[in-house]
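A short worksheet on the structure shown next.
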Amino acid sequence: MSYSASLKDRMGRFVIYAIVILLALICLLPLWNIVAISFSSSEAVSANAVGLLPVKFTTAAYSKIIDDAQFWRSFGISVLRVALSLVLNMILIVLMAYPLSKSKREFKGRNIYMNIMIFAMLFSGGMIPSYLLIKNLDMLNTIWSLVLPGAVPIFSVILVMNFFAAVPKALEEAAFIDGANALQVLFKVYVPVSIPALATVSLFSIVGTWNDFFSGLIYMTKVSNYPLMTYIQSLNVNIAELLQSGTNSAQLSNLTEISNKNLNAAKIVVAVIPLLLIYPLLQKYFVTGIVVGSVKE
Amino acid sequence: MKQEKYKARNRLGTGAMYHMMMLPGILFLLVFSYIPMVGVITAFQDYVPAKGMFGSEFVGLKHFIYMFKLPDIGQVISNTLVIAIAKILLGTLMAIIFSILLNEIRFKFVKKSVQTIVYLPHFLSWVVLASVVVNMFSLDGSVNQILAFFGLENINFLGSNTWFQPLIIGTDVWKEFGYSSIVYLAAITSIDPGLYEAAGMDGASWWRKVWHITLPGMLPIILLMGVMSLTNILSAGFDQIYNLYNPVVYESGDILDTYVYRIGLVGRQYSFGTAVGLFKSVIGIVLLLSANELAKKYTDRKIF
C-alpha cells in the first residue's frame with residue numbers, strides 16, 4: 001500500500017472522529033449551558049454573557065430553591081409516584097410475562113390474553129374518555145391517578161416475555177421436579193436469570209414516570225398536587241409567554257424574567273439529577289434490552 | 001411412572017396458577033384501557049357531564065361532520081403529517097449515518113463517551129428540553145448570537161410560522177438520533193467481517209465498503225424500523241409541541257393531539273374532543289395493521 005493512500009486513509013479517519021465528536025458536543029453543550037446559567041449571577045444571565053462556564057459564580061439560585069416549598073412538595077410527589085409505579089410495574093410485568101412466555105399448548109388461553117394486551121396497545125379511548133374515567137373514579141388530585149393508569153406497560157411485558165421465552169427449559173423442568181410451583185419457579189429461576197431485561201424495563205418505568213408531566217396536568221386541578229415535571233412545565237409556560245410578548249431584547253430585560261431564567265435553570269438541573277444518578281447504573285443493560293425488544297421474529 | 005403422574009398433576013395446578021398470574025394485570029387493563037374505549041361512545045353524543053354517558057343524547061356523526069367542516073382541521077392534519085413524516089425520514093437518516101460513523105471509532109474511550117452523551121437527551125423530558133431549546137433559540141439566545149456574528153438577521157424561531165416546524169423537526173432529530181442509532185449499530189455488528197476483508201483485498205475504498213456492504217447489511221432493520229414508524233404518522237409529538245408552542249404559531253404547530261387537548265379538554269367540548277381522538281385512533285390502527293402486513297411481506301418479520 002502506498003504512502004499517499006495511508007495518508008488519505010488517516011485523513012478520512014480524522015474527519016470521521018471530528019464529525020462524531022462534534023455531534024456529541026452538539027448534544028452536550030446546550031445542556032451544559034443550562035448548568036452554567038444556573039451557577040451564574042442573574043446580571044450575567046440577563047446580559048447573555050454565560051457560555052460554557054458560569055459567569056460570576058454563585059449558588060444563589062440553588063439557595064432560593066431550598067426555600068421553595070412547592071418545588072420540594074412536587075419533588076416528593078414525583079419520588080413517591082416513581083417508587084409506587086416501579087413496584088407495581090415490575091410485579092405486573094413479571095407476573096404477566098411468565099405465563100405469556102409459555103406456548104399455547106402449555107398455557108391454554110394464552111392467545112386470548114395476548115390479544116387483550118395487543119388491542120390495548122393499538123387502540124385507546126383517548127385523552128378525554130380517560131380523563132372522564134379518572135374523574136368518575138374520584139381519583140382526580142390523588143397520587144393513584146398518576147400510578148394506576150400506567151400500571152401495565154405492555155411494551156415492557158412483551159420485551160420481558162421474549163426474554164423469558166429464551167430461558168432454557170431444563171432449568172424450569174428441574175425446579176418443577178423438585179416440587180416447586182409456578183410462582184416459585186418464576187421468582188427463584190426466571191427472575192434471577194433475567195436481570196438485564198428487568199433492569200431495562202425498570203429504567204423505562206423510572207424514566208417514563210419521572211418525566212411525565214401530562215397526567216399531572218390533566219388529573220391534578222391544584223398546583224399543590226403537581227408532580228415535579230408538571231410544576232416545572234407550568235413555570236416554563238410563563239417564561240415562554242414572556243419571551244413571546246417581547247419583540248426585542250430590551251423589553252425582556254425586566255427583573256422578574258431574569259431571575260426566573262436563572263432560577264429555572266437551577267430547578268431543571270435539580271430535576272434531572274435523579275435521572276443522571278441511575279443512568280450510568282442501568283446504561284450497560286439497556287442497549288441489550290432495546291436490541292432484544294425491537295427485533296422479534 | 002409415578003413421577004410422570006406427579007408431573008401431570010402439577011401441570012394442572014400450574015395452568016390455574018398461570019391464570020391467577022394474569023389476573024391483576026388484565027384487571028388493570030380492563031379498567032384503565034378498556035373502559036375508556038367504551039367511553040368513545042361520547043363521540044356520538046352531546047355529552048353532558050351531569051347526565052353521564054348513559055343519559056346524554058345520541059347525535060350520530062354530528063361531531064365528525066362538524067370536525068371536517070372546521071376551517072383549521074385541514075391545516076391541523078397537514079401539520080401533523082408534515083411534522084411526523086419529516087421527523088421519521090430525517091431521524092432515520094441521521095441515526096443511520098451516525099451509527100456508520102460511530103462504528104469506525106476504534107478508540108474505546110471516545111466511543112463509550114460519545115455513546116453515553118448522545119443517548120442522554122432521549123432520557124430527558126421535553127419539559128426540561130423545552131427550556132434548553134427556548135434558551136438556545138429565543139431572540140437573544142445563542143443561535144441568534146451566532147447569526148448576528150455572521151451579520152445575519154435575527155430570527156424569532158419560536159414565534160414564526162415559517163421557522164416553527166423546522167425547529168420542531170430539528171430538535172426532535174437532535175434528541176432522538178443517538179438513541180435510535182442503537183438498533184442500527186447492532187445491525188452493523190452482525191454483518192460478517194469476512195465481507196469487509198474480501199472487499200479490502202479487491203481494493204475497495206471505505207466509501208464503497210459502506211455503500212456495498214454496510215448499507216445492504218442494514219437494509220432489513222432499516223425497513224423494519226421504517227415500517228414500524230409508520231404507526232406514528234399521526235403522533236407528531238404532543239409533549240414537544242405542547243411545551244414549545246404558543247398562540248402565535250398555532251397555525252403551523254397545532255397537531256391532532258394538541259388540538260384535541262385545547263378544544264376538547266381545555267375548551268370542555270368533551271364529545272368533540274373524543275371524536276377527533278377517535279378519528280386519530282382509527283387511522284392509527286389502520287396504519288399499524290397495514291404496517292404489520294408490509295413488514296411481513298418485505299422483511300419476513302412481524303411487529304406483533
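Given the options A:Ile112, A:Ile91, A:Ile128, name the one that is buried (at least 16 other Cβ atoms within 10 Å of the Cβ) and among the β-branched types (Val, Ile, Thr). Lay out the reasoning, then the answer.
Details: A:Ile112 fails: buried (at least 16 other Cβ atoms within 10 Å of the Cβ); A:Ile91 fails: buried (at least 16 other Cβ atoms within 10 Å of the Cβ).
Unique residue meeting the criteria: A:Ile128.
Restricting attention to region A:151-200, and to residues there that are part of a loop (DSSP other than H, G, I, E, B) and within 14 Å of chain B (Cβ to nearest Cβ), which single residue is farthest from A:Asn115 (Cα to Cα)?
Here is the first cut: in region A:151-200, the ones part of a loop (DSSP other than H, G, I, E, B) are A:151-153, A:166-168, A:178-181, A:194.
From the residues that got through so far, the ones that are within 14 Å of chain B (Cβ to nearest Cβ) too are A:151-153, A:178-181.
Details: A:Ala151: 18, A:Val152: 14, A:Pro153: 15, A:Asp178: 34, A:Gly179: 32, A:Ala180: 29, A:Asn181: 26 Å.
Filtering region A:151-200 for residues that are part of a loop (DSSP other than H, G, I, E, B) and within 14 Å of chain B (Cβ to nearest Cβ), the one farthest from A:Asn115 (Cα to Cα) comes out as A:Asp178.
Counting only residues that are facing chain B (nearest Cβ under 9 Å) and in a helix (DSSP H, G or I), which one in region A:135-149 is most open to solvent (accessible area, probe 1.4 Å)?
At the first step, the residues of region A:135-149 found to be facing chain B (nearest Cβ under 9 Å) are A:135-137, A:148-149.
Now restrict to residues that are in a helix (DSSP H, G or I): A:135-136, A:148-149.
Working: A:Lys135: 76, A:Asn136: 116, A:Leu148: 35, A:Pro149: 52 Å².
Looking at residues that are facing chain B (nearest Cβ under 9 Å) and in a helix (DSSP H, G or I), I get A:Asn136.
Looking for whichever is open to solvent by less than 70 Å² (accessible area, probe 1.4 Å), in contact with a Leu (Cβ under 8 Å, 6 or more places away or on another chain) and more than 9 Å from every other protein chain (Cβ to nearest Cβ) here; the options are A:Ala60, A:Ala36. Which one fits?
On the way: A:Ala60 fails: in contact with a Leu (Cβ under 8 Å, 6 or more places away or on another chain).
Being open to solvent by less than 70 Å² (accessible area, probe 1.4 Å), in contact with a Leu (Cβ under 8 Å, 6 or more places away or on another chain) and more than 9 Å from every other protein chain (Cβ to nearest Cβ) holds for just one of A:Ala60, A:Ala36, which is A:Ala36.
Inside region B:78-109, can you point out the residues that are open to solvent by 40 Å² or more (accessible area, probe 1.4 Å) and more than 23 Å from the chain's Cα centre (by Cα)?
Passing the criteria: B:Arg106, B:Phe107, B:Lys108, B:Phe109.
So, A:Ile66, is that one at pLDDT 95 or above and β-branched (Val, Ile, Thr) or not? First the steps, then the outcome.
On the way: at pLDDT 95 or above: no; β-branched (Val, Ile, Thr): yes.
The answer is no for A:Ile66.
Quick check, is B:Tyr47 within 21 Å of B:Phe272 (Cα to Cα) and more than 12 Å from every other protein chain (Cβ to nearest Cβ)? Full working, then the answer.
On the way: within 21 Å of B:Phe272 (Cα to Cα): yes; more than 12 Å from every other protein chain (Cβ to nearest Cβ): no.
Taking the combined requirement at face value, the residue does not satisfy it.
Can you tell me which of (1) more than 8 Å from chain B (Cβ to nearest Cβ); (2) in contact with a Ser or Thr (Cβ under 8 Å, 6 or more places away or on another chain) is the one A:Ala120 doesn't meet?
Here A:Ala120 meets the rest and fails (1).
What number of residues within region A:39-52 are open to solvent by 70 Å² or more (accessible area, probe 1.4 Å) and modelled with pLDDT of 90 or more?
Residues that pass the stated criteria total 0.
Do we have any residue at all in region B:57-77 that's among the polar types (S, T, N, Q), open to solvent by less than 60 Å² (accessible area, probe 1.4 Å) and more than 16 Å from B:Asp172 (Cα to Cα)?
Residues of region B:57-77 among the polar types (S, T, N, Q): B:75.
Pick out the ones that are also open to solvent by less than 60 Å² (accessible area, probe 1.4 Å) and you get none.
Looking for residues that are among the polar types (S, T, N, Q), open to solvent by less than 60 Å² (accessible area, probe 1.4 Å) and more than 16 Å from B:Asp172 (Cα to Cα), one finds none in region B:57-77, hence no.
Consider B:Asn161 carefully, then state whether it is open to solvent by 50 Å² or more (accessible area, probe 1.4 Å) and in contact (Cβ under 8 Å) with a residue 40 or more places away in the chain.
Working: open to solvent by 50 Å² or more (accessible area, probe 1.4 Å): yes; in contact (Cβ under 8 Å) with a residue 40 or more places away in the chain: yes.
In short, yes.
Would region B:72-91 turn up any residue that is modelled with pLDDT under 95 and assigned to a loop (DSSP other than H, G, I, E, B)?
Yes: one or more hits.
To keep it simple, each residue is scored yes or no on (1) open to solvent by less than 50 Å² (accessible area, probe 1.4 Å); (2) more than 13 Å from chain A (Cβ to nearest Cβ).
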{"site": "B:Ala199", "(1), (2)": "yes, yes"}
{"site": "B:Gly203", "(1), (2)": "no, no"}
{"site": "B:His212", "(1), (2)": "no, yes"}
{"site": "B:Pro216", "(1), (2)": "no, yes"}
{"site": "B:Gly226", "(1), (2)": "yes, no"}
{"site": "B:Ser229", "(1), (2)": "yes, no"}
{"site": "B:Asn246", "(1), (2)": "yes, no"}
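Only one of A:Val20, A:Val55 is among the β-branched types (Val, Ile, Thr), farther than 17 Å from A:Val157 by Cα and either within 11 Å of chain B (Cβ to nearest Cβ) or open to solvent by less than 40 Å² (accessible area, probe 1.4 Å) (or both); which? Walk me through it before giving the result.
Values: A:Val55 fails: either within 11 Å of chain B (Cβ to nearest Cβ) or open to solvent by less than 40 Å² (accessible area, probe 1.4 Å) (or both).
One residue alone meets the criteria, A:Val20.
So how many residues does region B:248-263 have that are out of contact with any Ser or Thr (no Cβ under 9 Å at 6 or more places or on another chain) and open to solvent by 30 Å² or more (accessible area, probe 1.4 Å)?
Keep residues of region B:248-263 that are out of contact with any Ser or Thr (no Cβ under 9 Å at 6 or more places or on another chain), which gives B:251, B:253, B:258, B:261-263.
Within this subset, residues satisfying the condition of being open to solvent by 30 Å² or more (accessible area, probe 1.4 Å) are B:251, B:262-263.
Total meeting the criteria: 3.
Could you check region B:242-257 and list, in sequence order, the residues that are in a helix (DSSP H, G or I) and closer than 20 Å to B:Leu287 by Cβ? Break it down into steps so the answer makes sense when it comes.
Of all residues in region B:242-257, those in a helix (DSSP H, G or I) come to B:242-244, B:247-253, B:256-257.
Correct list: B:Leu256, B:Asp257.
The values are calculated or read from the model by the stated rules, or taken from the named source; none is laboratory data. This one's a predicted model, so the numbers in the text were calculated from it and none came from an experiment. So basically every Cβ, Gly included, is an ideal-geometry build from the backbone, and we count neighbours across all protein chains shown. Heads up: the accessible areas ignore ligands, DNA and RNA and are worked out on the full protein's heavy atoms, side chains in. Shrake-Rupley method; radii C 1.70, N 1.55, O 1.52, S 1.80 Å.
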